[in-house]
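Engineer: Let me begin by handing over the structure; questions about it come next.
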Amino acid sequence: MKGMVFTHFLDFVTEQFGPEMADDIIEASDLPSGGAYTSVGTYSHGEMVALIGALAERTGRPADGLVRAFGDRLSDTFAHDFPEFYRRAATLFDFLESIEEHIHVEVRKLYPDAELPTFRAESRTPARLVLVYLSPRRMGHLSEGLIAGSARQFGVDVRIASELLEGGDGLAVRFTIDLV
């Protein structure tokens, strides 16, 4: 995973739970990197899993909810750092459908070694988009948070339902996104 995700995650932890919590989860996680991340570096996905697990354990909150909340907050960062991705799309659904053909193409230009998930639109109506997420890192909850945060960027309210596919292990998730 790209270091920018780690640095923003630790910023999220600091904002939500304080700097002591960020230090505590780094110390508790036995990380090969030692928790010293640079935004352009690449780190093991296992380190993120360890940090999330340590945060869930210490806060008593479910890991999936913490990851969704982080994804929601990360959308604010993406909108600030990459406003052209959002300006290019007329609607939330246009934006979400552009992830593979436009956004990920540009991300790969900036970070050639980025290991990105795949998003595929299955169907779309004016009020519903069905989007499939695929990734061996199984971070569907992060994507769900990013979708919710992106809806906020576009000023629309959505209801997001998720369904685990292909064995139910998180490798593939179908998101049904309804405008409300």
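Only the coordinates and a few stated rules stand behind these numbers; no lab work does. None of the values given here were measured: they were computed from a predicted structure. A quick note on method: Cβ atoms are made from the backbone with ideal geometry, for glycine too, and the neighbour counts reach across all protein chains shown.
Engineer: Please state the charge dipole magnitude for the chain, taken about the Cα centre, from unit charges on C-beta atoms (+1 on K and R, -1 on D and E), reported in debye and rounded to the nearest 20.
Structural biologist: Charge dipole of the chain: 520 debye, to the nearest 20.
Engineer: If you don't mind, another one. Near Phe175, within a Cβ-to-Cβ distance under 13 Å, what is the net charge of the other residues, with Lys and Arg +1 and Asp and Glu -1?
Structural biologist: Summing Lys/Arg as +1 and Asp/Glu as -1 gives +1.
Engineer: Which of His104, His80, His45 ends up with the largest GNM mean-square fluctuation for the chain, with Cα atoms connected below 10 Å?
Structural biologist: Looking only at His104, His80, His45, the largest GNM fluctuation is found for His80.
Engineer: Still on this structure, I have one more. For Ser33, Ser123, which order do you get if you count the other beta carbons within 10 Å of each Cβ and list the fewest first?
Structural biologist: Lowest to highest Cβ neighbour count: Ser123, Ser33.
Engineer: Between beta-carbons, use under 15 Å as the cut-off and find the net charge around Arg128, counting Lys and Arg +1, Asp and Glu -1.
Structural biologist: Around Arg128, the charge tally is -3.
Engineer: Can you compute the equivalent ellipsoid semi-axes for the chain, i.e. the square root of 5 times each eigenvalue of the Cα gyration tensor, sorted largest first and rounded to whole Å?
Structural biologist: Ellipsoid half-lengths, sorted descending, are 27, 18, 16 Å.
Engineer: Can you put Ile26, Ile177 in order, fewest other beta carbons within 10 Å first?
Structural biologist: Ascending Cβ contact count within 10 Å gives the list Ile26, Ile177.
Engineer: How far, in nm, would the chain grow between Arg88 and Ile160 when pulled straight, counting 0.36 nm per residue and subtracting the alpha carbon separation?
Structural biologist: Net length gain for the segment: 23.6 nm.
Engineer: Just to confirm the number: angle between the C-alpha axis of helix 3-17 and the first principal axis of the chain, 0 to 90 degrees, nearest 10?
Structural biologist: 80 degrees
Engineer: Right, another one. State the answer as a single residue: which of Ile160, Ala69, Ala79 lies farthest towards the positive end of the charge dipole of the chain, with beta carbon charges of +1 for Lys and Arg and -1 for Asp and Glu, about the Cα centre.
Structural biologist: So the residue we want is Ile160.
Engineer: Would you calculate a helix-derived [θ] at 222 nm for the chain, using -39,500 (n - 2.57) for each DSSP H run of n ≥ 4 and dividing by the full residue count, to the nearest 500?
Structural biologist: That calculation yields -15500 deg cm²/dmol at 222 nm.
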